1. I need the semi-axes of the equivalent ellipsoid of the range B:277-407: take the C-alpha gyration tensor, multiply each eigenvalue by 5, square-root it, list largest first in whole angstrom.
2. Rounded to whole Hz and in sequence order, give me ³J(HN,Hα) for the range B:367-379 from the Karplus expression 6.51 cos²θ - 1.76 cosθ + 1.60, θ = phi - 60°, writing x for Gly and Pro.
3. Could you work out, residue by residue across B:135-144, how many beta carbons of other chains sit within 10 Å of that residue's beta carbon, and then give the average as an integer?
4. Provide the packing ranking of B:281-289, B:116-124, B:167-175, B:220-228, i.e. peptides ordered by the mean count of other C-beta atoms within 10 Å per residue, highest first.
5. May I ask for log10 I(q)/I(0) of the protein assembly as shown at q = 0.07 Å⁻¹, from a Debye sum over the Cα atoms as equal point scatterers with solvent left out?
6. Using mean Cβ contacts within 10 Å as the protection proxy, how do A:107-120, B:21-34 order, highest first?
7. Answer with one residue from A:Tyr60, A:Ala25, A:Ala8: the one whose Cα lies farthest towards the positive end of the charge dipole of the range A:4-65, charges on Cβ with Lys, Arg +1 and Asp, Glu -1.
8. Tell me, what ³J(HN,Hα) does each residue in the range B:160-167 have, in order and in whole Hz, if you take phi through Karplus 6.51 cos²θ - 1.76 cosθ + 1.60 with θ = phi - 60° and put x for Gly and Pro?
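The numbers here are math on the coordinates, done by the rules we state, and not lab data. Not measured: the values here are computed from a predicted model. Backbone-built Cβ (ideal geometry, glycine too); neighbour counts: all protein chains shown.
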Amino acid sequence: MLSNDSLAKIDAAIAKYPADQRQSAVMAALAIAQDEHGWLSVPLMDEVARRLGMPPIAVYEVASFYAMYNLGPTGRFKLTICTNLPCALQGASDAAAHLRERLGVGFGETTADGAFTLKEGECMGACGDAPVVLVNNKRMCVKMVPDALDGLVAELKAAADRGEGATGAAEAKEASGR
Amino acid sequence: MNAPSEFLDYGPDAVLMAGLTGRNWRLADYVQRGGYDALKRILSERIPPEQVVAEVKKSSLRGRGGAGFPTGLKWSFMPRNFPGEKYVVCNSDEGEPGTFKDRDILRYNPHALIEGMIIGGYAMGCARGYNYIHGEIWDVYERCEEALREAREAGFLGKDILGSGFSFELFNHHGYGAYICGEETALLESIEGKKGQPRFKPPFPASFGLYGKPTTINNTETFASVPWIIRNGGEWFANLGRPNNGGTKIFSVSGDVARPGNYELRLGTPFATLLELAGGVRGGRRLKAVIPGGSSMPVLPADVMMATDMDYDSIAKAGSMLGSGAVIVMDETRCMVKCLLRLSYFYYEESCGQCTPCREGTGWLWRVVDRIEHGKGRPEDLDLLNSVADNIQGRTICALGDAAAMPVRAFIKHFRDEFRHHIDHGRCVVAPYQ
Ligand SMILES: Cc1cc2nc3c(=O)[nH]c(=O)nc-3n(C[C@H](O)[C@H](O)[C@H](O)COP(=O)(O)O)c2cc1C
Ligand code: SF4
Ligand code: FES
């Protein structure tokens, strides 16, 4: 299931650790697999396990421990907003309410068109720039006051309509339609 | 204040963050600022490792990650003549709510950290290091990867560095969203490719660390301070601060201030000065409460804070801890119950679940504070909270249990009337939270 590009990236991650410690690359390998497929299905995790010579259960344990792995399909764009206290004191509560209303979903839910999944996050180490929104784990958007959020949502919605963003969205759409 | 606008403003005392523009993070820029001079001197003059450790001891540098442990002393715990691999590990898993200083070091001055880690490796006889970077800051991780490439290319990393015979390799490890991995042994487990669950101590990492080998873990800011200590001397660094509290410290100021941000000050600077640098309380409101060291540390009321200096010993004397240097400011409109509620939820959410007192206790704390906030508090709830906190503190594998318990106790201790009012009247004493 993993492309040659992903496999090459995983090999580069393995090379960072002592030769007898391939398992150390599991976090990177799962992130790379998720970037390619949108979320971590069991067959995908099994492939990571084989690649690293780990028992599959050890890979599932890691995938379910860390909050940024998607264990099911998400929308094309996963928006994670930090609502912890320092951010909340700087407008994150309002920003979160605005996003929920704008997208018409609560935390942990995906919009009916499969474009967005909204998540509540914990401190991202960027509190000075609150409110902070993370897009698909990688793009950090700072000072996201309601106007900026509207801009971001419009931009990403257009991108989703062009078929950009995480794959797996079709499955998410199906799931939310049920 | 009057720094030319091209420079990022970390305040007038900045050392680590002086002269940074946000764009001059590359190796060539760092070298121009005197970077890698300390490493070059150590290697060319063949300064003995013991002497490097002694200099760090002299600086009275204390760990910037939370516990404030003396860095030189920690380095001296590493077994000298251990046959085999030893590791230096940097804790850049900055996730303590309110803390955002390591991110600035990593993205604006990454070579200061790299140089500090190489010097640490030399001083402790390690040939390999890992820098564990918080999951949510992908672009910062990428920059750190680029900085490592630069350092390798320039011969500061790799085999036989600058022809000295000393070899050292350094790698970034990217986290993926678990606050507990900031705890040093959870972090080691995580690098080993496991769930980030803290280990029982002892054994301590200096004897059984990464892959079971002797390991020293320090915070990003701790390592990044080392080049200056070597360049200008331990005594110079110590004199920037106060006895037993050497150096400058980056304070992350968040919450109800006009200019949230990072400010680097000499340890021992009055809190009032820091507050002023951050623009004072937002909207000209009155200060109500401050958490001076990250969300895990006890909250202090305004009058206590205004009479306190920002160093490890002064804050401890005032009844809290300097922790990571994250200063969370709350103004007079803030409901203390609501503030505590969000923190209690955080610890419940982030408990790794290994120890019963923490796993169950954090849930209790959160649910009881939640019912007080929502007008369903019971008269006995404050005693209940204190007793749950008692049953967590000191009874867990790692300090996350204490971190969950301490804020609860302190909020109740200093703002008891406000909690009582919530319980008795089902609502807040302050105007609704905006
Ligand atoms: C729950 C928990 C979270 C922690 N998070 C961090 C962190 O994000 N960064 C950090 O440097 N230290 C953190 N620490 C402290 C580390 O365990 C360790 O003491 C520190 O990295 C040592 O470095 P220092 O001596 O340079 O401060 C945390 C500790 C606990 C118990
Ligand atoms: S105190 Fe909490 S977080 Fe720490 S090891 Fe125990 S259960 Fe895990
Ligand atoms: S509390 Fe939101 S980024 Fe730190």
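1. 26, 19, 12
2. The phi angles translate into 5, 6, 5, 4, 6, 5, 4, 9, x, 10, x, 10, x Hz.
3. Per residue, the average neighbour count from other chains is 5.
4. Averaged packing, sorted descending, gives the order B:220-228, B:116-124, B:167-175, B:281-289.
5. -0.42
6. Packing order, densest peptide first, comes out as A:107-120, B:21-34.
7. Of the listed residues, the answer is A:Ala25.
8. 6, 4, 6, x, 8, x, 8, 10
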